[in-house]
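The values are calculated or read from the model by the stated rules, or taken from the named source; none is laboratory data. Since we're looking at a predicted model, the values are computed, not measured. Note that each Cβ is placed from the backbone with ideal geometry, even for glycine, and that neighbours are counted across all protein chains shown.
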Amino acid sequence: MTRTTTPAAAAGTWQLGSFTVNRLGFGAMRLMGGGEGRGRETAIAVLRRAVELGVNHIDTAAFYFSGAYSANELINTALAPYADDLVITTKVGPGRDASGEWLPPARPEQLRGQVEENLRQLGREHLDVVNLRLGEQLERGTGSLADRFGALAELREAGLIRELGISNVGPEHLAEAKAIAPVVCVQNQYGLTARREDDDLVRLCAEQGIAFVPFFAVASGQAAVDERVETVARHHGVTAAQIRLAWTLHRSPNVLAIPGTGDIDHLQQNVAAGGLKLSEEDIRSIEGLGTASET
């Protein structure tokens with residue numbers, strides 16, 4: 001099976017700096033969901049199946065760990081030696097101690113240690129893409145990122161990092177970062193019912209050739225919207241989560257999806273969503289501006 005005919009390629013590609021990736025990728029955070037009866041071997045099988053389906057953009061972080069294993073270690077075990085076209089994106093800034101408690105955000109001089117930890121865990125000589133994540137957990141970052149992003153820019157110049165991005169940010173952070181070094185992606189929480197104030201940031205990134213990578217894109221919780229999504233999902237014979245993913249990809253060609261799961265069936269559904277084509281009528285219905293066609 002060639003990569004151009006795999007399901008993950010159905011949504012098209014985007015250029016992450018020097019890397020070309022399929023717009024439908026994979027987020028590794030949910031591999032830690034062992035509480036649902038899934039263990040290490042299942043997580044490894046999910047990663048390998050994702051690559052078989054054409055996923056060539058995986059998002060991870062050293063602070064994704066639970067119990068005896070971490071997302072980075074699972075990726076290393078499952079996928080090394082890595083395919084030439086596999087792009088692994090990681091995040092630095094936040095950190096957790098061995099007990100899982102969150103640490104204060106890393107200072108500029110601590111970022112090299114976080115980068116080196118990702119290198120060690122992943123078994124790489126360089127990191128493909130590193131996002132500087134601002135804020136604490138899901139709180140939107142505030143203040144200047146210049147010192148920290150500058151430290152990462154120096155590591156990029158030293159060859160430890162190929163490309164840089166920023167996460168949990170506003171447009172002011174993007175302007176500040178671009179004045180220091182090239183930015184290939186912005187990663188924020190965003191979806192049909194989450195942080196729609198970032199609609200303008202999606203457009204701004206598109207204008208500048210920068211990928212916008214939403215996390216938690218399939219989150220629900222607003223009853224009226226959930227009902228509209230379910231209606232469109234029934235019309236297409238797919239799940240509500242697939243419709244939310246398709247809506248996200250429909251926003252703009254520069255939007256990359258990184259849905260995560262620890263379940264192979266859910267993985268295959270997520271990847272299939274990359275080939276789901278929503279009509280303008282579907283979009284209007286989902287957004288409460290009209291109704292989908294009757295089946």
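Miscellaneous remarks
- In this structure, Thr193 qualifies as over 16 Å from the mean Cα position of the chain (by Cα) and farther than 24 Å from Gly54 by Cα.
- Given (1) on the phi > 0 side of the Ramachandran plot; (2) touching a helix residue (DSSP H, G or I) at 6+ places or on another chain (Cβ under 9 Å); (3) at pLDDT 95 or above, number of the condition Asp59 does not satisfy: (1)
- Restricting segment 85-118 to residues that are in a loop (DSSP other than H, G, I, E, B) and of a type in the set (D, E, K, R), the residue that is nearest to Glu52 (Cα to Cα): Asp85
- Of the set (1) within 29 Å of Ala241 (Cβ to Cβ); (2) at pLDDT 95 or above, all apply to Ala217 but (2).
- Flag if Glu73 is closer than 30 Å to Ala11 by Cβ, at pLDDT below 95, in a helix (DSSP H, G or I) and not basic (Lys, Arg): no
- Scoring Ala62 on the criteria (1) buried (at least 20 other Cβ atoms within 10 Å of the Cβ); (2) of a type outside the set (Phe, Trp, Tyr); (3) within 25 Å of Gln242 (Cα to Cα) leaves a single failure, condition (3).
- Residues located in segment 187-234, provided they are in contact with a strand residue (DSSP E or B) (Cβ under 7 Å, 6 or more places away or on another chain) and more than 30 Å from Ser18 (Cβ to Cβ): Ala219
- Restricting attention to segment 281-295, the residues being within 26 Å of the chain's Cα centre (by Cα) and modelled with pLDDT under 85 number 0.
- Conditions (1) farther than 16 Å from Met32 by Cβ; (2) buried (at least 18 other Cβ atoms within 10 Å of the Cβ); (3) under 17 Å from the mean Cα position of the chain (by Cα); number of the one not met by Arg148: (3)
- The combined condition, being surrounded by 13 or more Cβ atoms within 10 Å (Cβ to Cβ), among the charged types (D, E, K, R) and touching a Phe, Trp or Tyr at 6+ places or on another chain (Cβ under 9 Å), is not fulfilled by Arg133.
- Among the conditions (1) charged (D, E, K, R); (2) in contact (Cβ under 8 Å) with a residue 60 or more places away in the chain; (3) closer than 25 Å to Val21 by Cβ, the only one that Arg156 does not satisfy is (2).
- Of all the listed residues (Arg140, Arg124, Arg112), the sole one being among the basic types (Lys, Arg), surrounded by fewer than 20 Cβ atoms within 10 Å (Cβ to Cβ) and over 20 Å from Val183 (Cα atoms) is Arg124.
- Scanning segment 70-89 for residues that are hydroxyl-bearing (Ser, Thr, Tyr), crowded, with 19+ Cβ neighbours inside 10 Å and out of contact with any Phe, Trp or Tyr (no Cβ under 9 Å at 6 or more places or on another chain) yields a single hit, Thr89.
- Where a residue in segment 230-248 is farther than 19 Å from Ala11 by Cα and its partner, wherever it lies, is surrounded by fewer than 18 Cβ atoms within 10 Å (Cβ to Cβ) and β-branched (Val, Ile, Thr), with Cβ under 8 Å and at least six apart: Thr231/Thr291; Arg234/Thr295; His235/Thr295
- Answer residue from segment 127-165, given it is among the β-branched types (Val, Ile, Thr) and at pLDDT 95 or above and is farthest from Gly209 (Cα to Cα) among those: Ile161
- Segment 19-50, subset of a type in the set (Gly, Ala, Ser), part of a helix (DSSP H, G or I) and over 30 Å from Glu163 (Cβ atoms), residue modelled with the lowest pLDDT: Gly35
- Screening the candidates Gly39, Gly95, Gly67 for the property of being over 23 Å from Cys185 (Cβ atoms), in contact with a helix residue (DSSP H, G or I) (Cβ under 7 Å, 6 or more places away or on another chain), surrounded by fewer than 20 Cβ atoms within 10 Å (Cβ to Cβ) and not β-branched (Val, Ile, Thr) yields one hit, Gly67.
- Residue satisfying all of: in segment 154-189; assigned to a strand (DSSP E or B) and of a type outside the set (A, V, I, L, M, F, W, C); farthest from the chain's Cα centre (by Cα) among these: Arg162
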